[in-house]
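Chemist: Have a look at this one before I ask anything.
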Amino acid sequence: MLVKKDPLNLTGKVAVITGGSSGIGLGVVELLSAYGAKIAMVDVSPKGEDKAKELRDAGRDVTFYRCDVTNEAQVEETVKGIVDKYGKIDILHNNAGVTVRKTIADLTEKEWDFVLDVGLKGLFLFSKHVIPVMAANGGGSIINTGSGWGLKGGDMAAAYCAVKGGIVNVTRAMAIDHGPQNIRVNSVNPGDTDTAMLRDEGKQTGVVKDGDGQMDAYLKDCGTSRPLARIGMPEDIANAVLFLASDLASWITGAALVVDGGGIA
């Protein structure tokens, strides 16, 4: 007979979140720490230290690590620092990402490399150095941030679509390779979510030229065609990450969980 458990309780777990100082990453930091996880917030932006302090002042166990996820020496040093402090890593959320909204014909080589390096190389490097730590500790959960545009195409987003499509499939490959080590690997695939990145996309594509009124209209328009008729909020995506990190998802690996208000239904 099934009995009631507390599988969302992450007390004693150590979670690493890249791109953790804003947007979806910060939402995940806040939610997982609320459920008891000890958090290593990783970001290239130094503003993450202020966010980490706010959470520590609220009683959460959050440490900020400044790191360029495309630099292997920095990634290796950061992972070592996390293990030195916390002794293990149970959860890795590969979330760091950027976008340049251009077609293939308009992208520069530098822009292409930038988007792919942060999104795919960063995932590779953190996974490469965290997986042996997880395996030595008996397993863990890796959640990679993909996108609805990793499952279908999008306009003026060639490099971004390449990254997110790659993330969806490398997640499957990682799940196959590391399942025997009791490491589950899944992707969470958001639709348009109210973050600084989405707001910047409005400016990149020229939809938003000036004023808060235009931005508000743009954000509303991003959600109108979805069955749930709104854009996502960081906590919507964080809820899905919490589920995939928890024991509720103990037999889920290699999955691409879409969280987009029905946008690609």
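We did not get these values from a lab; they are worked out from the coordinates using the rules stated. Small disclaimer: the values here were computed from a predicted structure and weren't measured. A quick note on method: Cβ atoms are made from the backbone with ideal geometry, for glycine too, and the neighbour counts reach across all protein chains shown.
Chemist: Step through the residues of the range 98-104 one at a time and calculate ³J(HN,Hα) from phi using the Karplus curve (6.51 cos²θ - 1.76 cosθ + 1.60, θ = phi - 60°), rounding each to whole Hz and writing x for Gly and Pro.
Modeler: So the Karplus estimates, Gly and Pro as x, are 9, 9, 10, 8, 8, 7, 4 Hz.
Chemist: Assign unit charges at the C-beta atoms only (+1 for Lys and Arg, -1 for Asp and Glu), then state the dipole size of the chain relative to its Cα centre in Debye, rounded to the nearest 20.
Modeler: 620
Chemist: Which of the lysines could a cross-linker bridge to LYS203, judged by Cα under 16 Å and excluding same-chain residues fewer than eight apart?
Modeler: LYS102, LYS220
Chemist: At GLU49 and ASP61, where each label point lies 7 Å from the Cα along Cα→Cβ, what is the point-to-point distance in nanometres?
Modeler: Inter-label distance under the simple model: 2.3 nm.
Chemist: Could I ask something else about it? Place the peptides 107-116, 9-18, 35-44 in order of packing, highest mean first, counting for every residue the other Cβ atoms within 10 Å and averaging per peptide.
Modeler: Going by the mean number of other Cβ atoms within 10 Å, highest first, we get 35-44, 9-18, 107-116.
Chemist: Sort 140-147, 50-57 by the packing proxy (mean of other Cβ within 10 Å over each peptide's residues), most packed first.
Modeler: 140-147, 50-57
Chemist: For the range 188-204, just list the computed ³J(HN,Hα) in residue order, Karplus coefficients 6.51, -1.76 and 1.60, θ = phi - 60°, integers in Hz, with x standing in for Gly and Pro.
Modeler: Running phi through 6.51 cos²θ - 1.76 cosθ + 1.60 with θ = phi - 60° gives 10, 10, x, x, 3, 10, 5, 9, 4, 5, 4, 5, 5, 4, x, 6, 4 Hz.
Chemist: Across the range 151-165, in residue order, what do the Karplus-derived ³J(HN,Hα) couplings come to in whole Hz, using 6.51 cos²θ - 1.76 cosθ + 1.60 with θ = phi - 60° and x for Gly and Pro?
Modeler: 10, 8, x, x, 7, 6, 8, 4, 5, 4, 5, 4, 5, 5, x
Chemist: A follow-up question, please. Given the Cα-Cα distance of GLU76 and ILE176 and 0.36 nm per residue of separation, how much length would full extension add, in nm?
Modeler: Numbers: separation 100, 0.36 × 100 = 36.00 nm, distance 2.40 nm.
Between GLU76 and ILE176, full extension yields 33.6 nm more.
Chemist: Tell me, how many Å apart are the Cα centres for the range 207-257 and for the range 86-106?
Modeler: A separation of 16 Å, based on Cα centres.
Chemist: If you take the charge dipole of the chain about its Cα centre, with +1 on Lys and Arg Cβ and -1 on Asp and Glu Cβ, which of LEU26, ALA245, GLN204 is farthest toward its positive end?
Modeler: ALA245
Chemist: Same structure, new question: How many nm is it between the label spots at SER225 and ARG199, if each spot is 7 Å from the Cα in line with the beta carbon?
Modeler: 2.4
Chemist: Another question about this same structure. For the chain, with the dipole built from +1 on Lys and Arg beta-carbon atoms and -1 on Asp and Glu ones, taken about the Cα centre, which of GLY81, GLY179, GLN214 lies farthest toward the positive end?
Modeler: So the residue we want is GLY179.
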